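All remarks here apply to the structure that follows.
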């Protein structure tokens, strides 16, 4: 399955939650979920009783779409998380939270995960002084994330930093706006993960893939 290229607002409506795929627009009155609180399509306004499988599928789709991943990529992350010590669900969310594109967004270099992915793919981001164009790269404790010097003049990056100069950065990260950089202080805990506003029932995802 290729990366989704359709209207991202439809994804939020389908899952019934804000996935913040359009950054600040999702917090404004322009957000389509504010106008239409029902799934897209001609049958969207019908009330449907959801089965246990349906609940598990929707939870997986919600998280997968929030981090803008394909099904194949998501399954790979789940398999790796399942092979680690500790709860599989928590391992999965920590892996997703520490993806490079997600961390770029957390530093407010980008307004959305989709925009952060583009910055990484277009080689605007360095990890420990080396360019990294792999959005799924998993950052580690001590990693330094920096905007390339020639990319610091991009209006998109400058505007994001200016608009979020006073924004609170997560405790496991430290940002230096003046140097267009940030550092990973440690791995996040399950409680600190804020994907989809932190409202995630990862046990449903584990149950879905364990069948």
For this session: Would you mind stating whether residue 202 is out of contact with any strand residue (DSSP E or B) (no Cβ under 9 Å at 6 or more places or on another chain), at pLDDT 90 or above and buried (at least 17 other Cβ atoms within 10 Å of the Cβ)?
Result: yes
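Out of 24, 34, report the one residue that is surrounded by fewer than 19 Cβ atoms within 10 Å (Cβ to Cβ), more than 17 Å from the chain's Cα centre (by Cα), at pLDDT below 95 and not in a loop (DSSP other than H, G, I, E, B). Reasoning before the result, please.
Details: 24 fails: more than 17 Å from the chain's Cα centre (by Cα).
Being surrounded by fewer than 19 Cβ atoms within 10 Å (Cβ to Cβ), more than 17 Å from the chain's Cα centre (by Cα), at pLDDT below 95 and not in a loop (DSSP other than H, G, I, E, B) holds for just one of 24, 34, which is 34.
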Problem set entry | Top-ranked residue in the stretch 71-86 [being surrounded by 13 or more Cβ atoms within 10 Å (Cβ to Cβ) and out of contact with any helix residue (DSSP H, G or I) (no Cβ under 8 Å at 6 or more places or on another chain); ranked as farthest from residue 135 (Cα to Cα)] | 76
Problem set entry | Residue in the stretch 157-166 that is assigned to a loop (DSSP other than H, G, I, E, B), over 15 Å from residue 101 (Cβ atoms) and at pLDDT 95 or above present | no
Exercise. Can you tell me which residues in the stretch 168-193 are surrounded by fewer than 13 Cβ atoms within 10 Å (Cβ to Cβ) and in a loop (DSSP other than H, G, I, E, B)?
Worked result: 168, 171, 186, 189
Problem set entry | In the stretch 79-131, the residues that are over 19 Å from residue 170 (Cα atoms), in contact with a strand residue (DSSP E or B) (Cβ under 7 Å, 6 or more places away or on another chain) and in a loop (DSSP other than H, G, I, E, B) | 123, 124, 128
Problem set entry | Failed condition for residue 145, given (1) exposed (fewer than 14 other Cβ atoms within 10 Å of the Cβ); (2) in contact (Cβ under 8 Å) with a residue 12 or more places away in the chain; (3) farther than 26 Å from residue 57 by Cβ | (1)
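The values are calculated or read from the model by the stated rules, or taken from the named source; none is laboratory data. Owing to the predicted nature of the structure, the values given are computational and were not obtained by experimental measurement. Cβ: placed from backbone, ideal geometry, glycine included. Neighbour counts: every protein chain shown.
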